[in-house]
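Right, one structure below, let's go through it.
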Amino acid sequence: MAITPNISKGKPSLRVLGTSVTLIEPIRKQAEKDLGINLDFTILDGTEAQRRGALRPESFDVYDQWFHDLDLIWPAGSIGAIDINRINNWEQINALPKTGRLNGNARTGLHGDPSKRLYVQLDGSLGRTPSDQISMLPTVHNADSFVVPENMTDEVTSWACLLDTKWAGRVVLQRDAAIGCLDVLLALSAKREFLAADIGNLELEEIDELAKILRNYRTKGHFKSIWADEIDAIEVIDGNTPVIGSMWWSGLIALRAKGIPVSMATPSEGYRGWFGGIALSNRLDERTLDAAYEYLNWWLDGPAGALATRNGAYMSNPQASRPHLSEAEWDFWYEGKPAREIVRNTFGVPVFKVGDIRSGGAYEERMSKVIVWDTIMDEHNYLVRQWDYALGL
């Protein structure tokens, strides 16, 4: 097996592959400062990052993406197991990514909860049975829905609104079939227009039916934009015309930083959940591997979690982030309390004013209402083909 050399003669260097959700400049600068390493971020949209992660392990050292990607990336053999004995704060990580449960409650959501693909099993597969090796270090996560104008949150309270004719021509939808498909399925289910036997794992006939319905919406001009990268969605929403649609919290924060008053809907049906993490290329030399473990441990030290919090994400060991946030920030982001001071994003730009409340409430309240996790379906390849055809991509 070819080994990727760390060619830096001075500081160790790491090439990190991922998306704009976590690969942001403040995180890069803080990590370089704290660790004394060089970081090279390769930022792609989710689908392209996933493709490179599976096919080109020699092109990255660290893979910063989503847990549901593992269903494609792990079988490809492009990433290697992480030794939890080298993770300093492993015990601080909360129960959600380890067991799929919050404080012993029932397992949240369907299918994609990270625990089902966290631990490396004796046969090399991934599962929930604890072991000393993991596939990916759990880091950021959230309960997502869709963005709405801030003054309309009281009337937009169901996933069905995404496909309501009153919003025709003003709906943005994410292109990634593994995620955008769930947004559409949740909307169709809420409208009672299409009820899948298992929303997280469609049969072939159900995929065909979904594609037929979706194509009908698309040909009628229901969608304003189909975005691959959140940056594209941010550019489409200018604040002049009310728009709703697929968006992650990082995108919502970016929109508010531009002065566009939007909020995340709180659907009565519940949220779509996602969990992110960091994995390692299987082609690292010893020096680069050591630097990579330092980087993984840094993510659990607190500064990274605080920066990610200000970008709208939760952290897998939130208590480590707490000392790096003001009490008012903690109360706003994690406790769901009204802002006692202006809330600023990772770049220091005001995004919420005094008195504002994070939609959906506190951390456990929001994450306990996840009804389905981002996932890779058994018929993923067929879904992608039909999805792209239906959307005219």
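Quick look at the numbers
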{"quantity": "Compactness of the stretch 139-283 - radius of gyration and Dmax, Cα, Å", "calculated": "15.4, 52"}
{"quantity": "Label zone at residue 356 (point 7 Å along Cα-to-Cβ), backbone N below 12 Å, the stretch 262-291", "calculated": "262-264"}
{"quantity": "Crossing angle, helix 380-390 versus the chain [Cα axis fit, 0-90 degrees, rounded to tens]", "calculated": "40"}
{"quantity": "Antiparallel content of DSSP bridges confined to the chain, in %, to 5", "calculated": "60"}
{"quantity": "Residue 122-residue 212 pseudo-label distance in nm [points 7 Å out on the Cα-to-Cβ vector]", "calculated": "4.8"}
{"quantity": "Pairwise FRET efficiency - residue 232 versus residue 340, Cβ, R0 = 45 Å, nearest 0.05", "calculated": "0.80"}
{"quantity": "Segment residue 219-residue 193, length gained on full extension (0.36 nm per residue, minus Cα span)", "calculated": "7.6 nm"}
{"quantity": "Between 0 and 90°, nearest 10: helix 177-191 axis offset from the chain longest Cα axis", "calculated": "30"}
{"quantity": "Highest-fluctuation residue, 303, 338, 318 considered, GNM on the chain with Cα pairs under 10 Å", "calculated": "338"}
{"quantity": "The chain, helix-only ellipticity at 222 nm - DSSP H runs n ≥ 4, -39,500 (n - 2.57), divided by all residues, nearest 500", "calculated": "-9000 deg cm²/dmol"}
{"quantity": "Cα→Cβ-extended label distance, 7 Å offset, between residue 240 and residue 166, nm", "calculated": "2.4"}
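Bear in mind these aren't lab numbers, they're just calculated from the coordinates by the rules spelled out. If you're wondering where the values come from, they're calculated on a predicted model, not measured in any experiment. As a convention, Cβ positions derive from the backbone with ideal geometry for all residues, glycine included, and neighbour counts pool all protein chains shown.
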